[in-house]
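Participant: So that we are looking at the same thing, I have put the structure below in structure tokens.
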Amino acid sequence: MKKMKLVVVGNGMAGIRTIEELLKLDTSLYDITVFGSEPHPNYNRILLSPVLTGEQTLEDIILNDRSWYEEHGITLHMNSTVTRINRARKEVMTDDGKTARYDRLLLATGSKPFMLPVPGTDLDGVVTFRDIGDVNRMIEAAGRLKRAVVIGGGLLGLEAANGLAMRGMQVSVVHLGASLLDRQLDGAAAALLQGSLHERGLEFLMERQTEAILGNGQGAVRGIRFRDGGELETDLVVMAVGIRPNTDLADAAGIHTDRGVVVNDTLQTYDPSIYAVGECVSHRGMAYGLVAPLFEQAKVAANHLALHGIGRYGGSTTSTKLKVTGIDVFSAGEFMGGADTEAITLADPVGGVYKKLVIRDDRLIGACLYGDTVDGAWYFRLIREAKSIGELRENLMFGESSIGDTGHSGENSIAGMPDTTEICGCNGVCKGTIVKAIREKGLFTVDEVKKHTKAASSCGSCTGLVEQILINCIGGAADIKPKSEKAICACADYTHGELRKAIREQHLTSIPETMRFLEWRSPDGCATCRPALNYYLMSTWPGEARDDTQSRLINERAHANIQKDGTYSVVPRMWGGVTSPSELRRIADVADKYHVPMVKVTGGQRIDLLGIRKEDLPAVWKDLDMPSGHAYGKSLRTVKTCVGKEFCRFGTQDSTGMGIALEKDLVGMWSPHKVKLAVSGCPRNCAESGIKDIGIIAVDSGWELYVGGNGGIKTEVAQFFVKVQTHDDVLEYAGAFLQLYREEAFYLERTCHYLSRVGLEHAKARVVDDAANRAELYARLRFAISFEKDPWAERVEQASARREFENLTA
């Protein structure tokens with residue numbers, strides 16, 4: 001059968017995605033010809049920013065190289081712009097003299113950057129930020145010019161500003177509105193973003209209207225002038241004030257347009273032979289600029305081009321997940337709220353976290369997240385499904401993991417997601433598409449999933465979800481790289497092990513020095529790599545490496561555990577779980593004085609004061625006059641004890657005294673993850689020593705040490721490590737094992753996972769079988785702890801250390 005001719009005008013993401021969807025349905029229906037104005041194959045336009053910053057190259061963001069077109073028999077004309085459509089003859093003509101006939105025509109002409117109608121836009125040094133040509137112009141300018149002004153505080157403007165700043169330019173952002181990203185963030189989140197970007201070197205001129213771009217008399221930019229008469233000198237102006245659907249070709253051909261090429265629910269224009277997809281389209285009065293809606297359109301258009309005729313596009317509910325200079329922001333739905341809505345908010349300006357959930361009629365209708373966007377996809381799903389959140393409301397703010405056991409590594413959670421759940425927002429790939437590809441094509445790795453579905457092939461933030469789907473589909477056959485083989489994050493290619501080795505061998509002692517030496521892609525790192533770097537530096541070079549408090553998580557910065565209502569819990573240390581009447585009286589007085597709503601005994605034999613305001617923390621610590629319990633830290637938490645032989649008729653040793661000695665020996669010890677110990681006075685094990693990182697059980701002839709226990713989501717029974725005779729032996733063997741763990745474990749790796757990776761025999765060989773090495777390990781631990789001070793006492797004594805708490809009151 002003779003094939004029909006399909007001509008695609010536009011070699012961008014929407015047009016080529018339509019072809020990919022069409023080829024899935026029928027490869028024999030059309031001879032396909034693609035015209036693209038740019039001299040490049042199809043590339044991922046949303047990754048232009050990493051190219052501008054130098055983190056990626058054009059080759060890195062190519063979605064379909066030339067060979068893909070050849071493999072599918074597609075004729076590709078690059079650098080060739082279609083200038084005319086002859087609808088009567090069903091032909092298109094190009095600016096370089098080509099003519100092509102069509103039976104079906106697909107318009108995917110995208111959008112054009114909007115230029116402010118002010119004098120001077122034709123000067124040398126005025127650029128837009130729309131394609132790889134614009135990026136190359138900015139890179140070239142950054143190499144010879146010093147100052148840049150970006151007009152527009154939207155996403156494109158901020159990405160351009162960040163990219164130019166990273167290339168060494170002095171950058172000012174001029175914005176007409178009162179807040180940045182005013183289509184994606186509410187005022188509170190926008191203020192946090194602006195403050196953070198200002199700290200990173202960007203200047204902002206808000207609510208300023210540009211009146212003219214000024215020339216230097218030689219055809220080049222020298223500055224801009226505002227409506228209020230003020231001027232700002234600059235060498236480069238980036239115009240990032242929005243986009244408009246590119247309808248020039250459709251208008252010239254007499255195709256109906258109205259703020260876009262008007263299409264029906266099948267993506268068909270008023271000419272039944274012509275379809276349109278992407279940013280050039282106006283569907284039910286809406287034009288979309290995000291990737292996910294364009295891909296939804298592509299799927300429906302392909303269905304009709306394949307003559308199946310069953311797909312319909314009903315519009316898109318959109319969400320926005322962005323990363324601006326390493327800061328995660330997310331918004332979806334009606335996040336601004338209104339008179340008939342209620343909002344739940346959580347704000348921690350110091351910690352850089354803001355969350356706002358908007359509810360109407362017991363349903364989540366909008367979400368705005370800043371800093372912590374982990375649950376963005378879950379909130380988006382709740383918004384789209386419009387289900388009642390009545391049962392979830394109490395824990396809604398704290399994310400999906402707070403509503404129950406999500407299973408180990410989230411596999412159970414991913415199993416419960418419907419097939420329509422979007423996993424990869426960059427490429428619009430749903431769970432069902434990934435599952436189908438895994439099962440039908442026999443995929444075993446994330447790279448194979450990327451190749452066949454494009455999921456996780458752009459920003460990579462969904463890689464973890466894709467891994468969980470793989471595990472859920474094929475179980476142990478999934479070829480998932482362990483943490484030891486993965487890069488620490490997207491900021492660098494180094495594994496945790498390689499990073500620790502570099503810090504040790506190169507004697508690196510600060511985060512900036514480490515990032516410079518290892519050529520970090522992002523100058524500020526991210527919330528994943530900075531805490532890990534800080535721990536590795538501190539544990540490798542105690543006394544030399546300075547603790548970067550801004551790289552610690554919020555609980556460690558506040559030295560208390562933040563609760564769901566924004567208050568904190570305070571847990572003073574009780575050595576070995578032992579307290580006294582005077583301590584209990586002080587705790588009771590504090591509870592009364594500060595109106596503490598709940599006083600609770602913890603599982604670690606301590607007392608937790610819940611509901612304390614952050615600004616009251618230093619005063620509470622002063623009134624308690626007790627050491628910090630470090631209940632918030634990646635550090636020694638507790639040493640749980642039973643009463644031992646002093647009171648118990650079964651006790652064989654002084655377990656309480658042993659526990660107190662251990663706790664005082666290890667207090668102040670920072671570690672890759674939290675560490676808990678227990679000492680039991682006899683094998684009846686009332687202190688639950690069998691599920692602690694180090695469990696010690698007294699026997700008639702001495703002490704048995706067990707390591708690697710865990711009582712968390714997946715209970716791990718501790719393994720027998722060694723039997724020793726004396727009190728001092730317990731201190732040395734336990735300390736040496738913990739120092740080995742501190743030196744070799746990866747950040748956020750519990751002792752059970754560390755031992756699973758290196759093997760118990762390795763730890764025994766270094767600690768039990770090698771007395772000299774054991775002594776050295778223990779000595780290094782004592783040396784590291786010698787620099788630590790009680791954080792509560794420091795803040796009580798030093799006004800400067802209390803400042804972060806006092807500032808919140810202002």
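Participant: Two decimals is fine: what is log10 I(q)/I(0) at q = 0.08 Å⁻¹ for the chain, from a Debye sum with one equal scatterer on every Cα and no solvent?
Facilitator: -0.81
Participant: Can you work out the Karplus-derived ³J(HN,Hα) for every residue in the range 120-126? Use 6.51 cos²θ - 1.76 cosθ + 1.60 with θ = phi - 60°, whole Hz, and x for glycine or proline.
Facilitator: Karplus values, whole Hz, x for Gly and Pro: x, 5, 8, 6, 5, x, 9.
Participant: If each DSSP helix of 4+ residues adds -39,500 (n - 2.57) and the sum is divided by the residues in the chain, what number results at 222 nm, nearest 500 deg cm²/dmol? Intermediate results must be reported in sequence, preceding the final value.
Facilitator: On the way: 27 runs with 265 residues, N = 810.
Value at 222 nm, helices only, nearest 500: -9500 deg cm²/dmol.
Participant: What are the equivalent ellipsoid semi-axes of the range 244-315, built from the alpha-carbon gyration tensor (square roots of five times its eigenvalues), in whole angstrom, biggest first?
Facilitator: Rounded to whole Å, the semi-axes are 18, 15, 9.
Participant: Taking all protein chains as present, what is the carbon and sulfur share of the accessible area of the chain, in % to the nearest whole number, probe 1.4 Å? Provide the component values of the computation, followed by the final result.
Facilitator: Working: 17150 of 35660 Å².
Accessible surface attributable to carbon and sulfur in the chain totals 48 percent.
Participant: Residues with beta-carbon under 11 Å from that of Lys634, excluding Lys634: net charge, scoring Lys, Arg +1 and Asp, Glu -1? Intermediate values should be presented prior to the final figure.
Facilitator: Working: positive: Arg552, Arg637, Lys674, Arg742, Arg750; negative: Glu556, Glu749.
Local net charge: +3.
Participant: Sticking with this structure for a sec: Using modelled amide H (1.01 Å from N, peptide plane; none on Pro or chain starts), what sits under 5 Å from the amide H of Thr81, excluding residues fewer than 5 places away?
Facilitator: Distant-sequence amide H within range of Thr81: Asp95, Asp96.
Participant: Excluding ligands, DNA and RNA, what is the solvent-accessible area per residue of the range 710-810 at a probe of 1.4 Å, expressed in Å²?
Facilitator: Numbers: 5060 Å² over 101 residues.
Heavy-atom SASA per residue in the range 710-810 reads 50 Å².
Participant: In percent, how large is the relative contact order of the chain, given Cα pairs closer than 8 Å and 6 or more residues apart? If you can, show how the numbers build up before the last one.
Facilitator: On the way: 1600 pairs, mean separation 54.8, N = 810.
The value is 7 percent.
Participant: Ok, one more. Give me the accessible area per residue for the range 199-283, probe 1.4 Å, as a whole number in Å². Present the calculation step by step, with values, prior to reporting the outcome.
Facilitator: Working: 3740 Å² over 85 residues.
Solvent-accessible surface per residue comes out at 44 Å².
Participant: Roughly speaking, what is the centre-to-centre gap between the range 553-599 and the range 614-637 when only Cα atoms are used, to the nearest Å?
Facilitator: The two parts, judged by their Cα centres, are 7 Å apart.
Participant: Pull up all non-local amide H partners of Lys674: gap of 5 or more, or a different chain, and H-to-H distance under 5 Å with H placed in the peptide plane.
Facilitator: Ser635
Participant: A further question on this structure: For Ser28 and Ala775 in the same chain, what is the full-extension length gain: residue separation times 0.36 nm, less their Cα-Cα distance, in nm? Each step should come with its number before you reach the end.
Facilitator: On the way: separation 747, 0.36 × 747 = 268.92 nm, distance 7.41 nm.
Contour length minus Cα-Cα distance gives 261.5 nm.
Participant: Which of the trypsin sites (Lys or Arg not before Pro) found in the range 529-566 are loop residues per DSSP with 16 or fewer other Cβ atoms within 10 Å of their Cβ? Mind dumping the intermediate values first?
Facilitator: On the way: sites: Arg546, Arg552, Arg557, Lys564; in loops: Arg546, Arg552, Lys564.
Here the sparse-neighbourhood loop sites are Arg546, Lys564.
Participant: Also, quick follow-up: Give, in nm to one decimal, the length gained when the segment between Glu646 and Arg585 is fully stretched (0.36 nm per residue of separation minus the Cα-Cα distance).
Facilitator: Details: separation 61, 0.36 × 61 = 21.96 nm, distance 2.52 nm.
Extra length from Glu646 to Arg585 when fully extended: 19.4 nm.
Participant: Take each uninterrupted DSSP H stretch in the chain, measure its Cα extent along the helix axis, and return the ones at 20 Å or beyond whose mean Kyte-Doolittle hydropathy is at least -0.5. Before the final figure, lay out the partial values.
Facilitator: Numbers: long enough: 291-305 (21 Å, 0.45); 727-744 (26 Å, -0.54); 771-785 (21 Å, 0.14).
Counting only whole DSSP H runs, the qualifying helices are 291-305, 771-785.
The values are calculated or read from the model by the stated rules, or taken from the named source; none is laboratory data. Remember, predicted model here, so these are calculated numbers, not experimental data. Note that we place each Cβ from the backbone using ideal geometry, even for glycine, and neighbour counts take in every protein chain shown. Note: areas computed on protein heavy atoms with side chains; ligands, DNA, RNA excluded. Shrake-Rupley method; radii C 1.70, N 1.55, O 1.52, S 1.80 Å.
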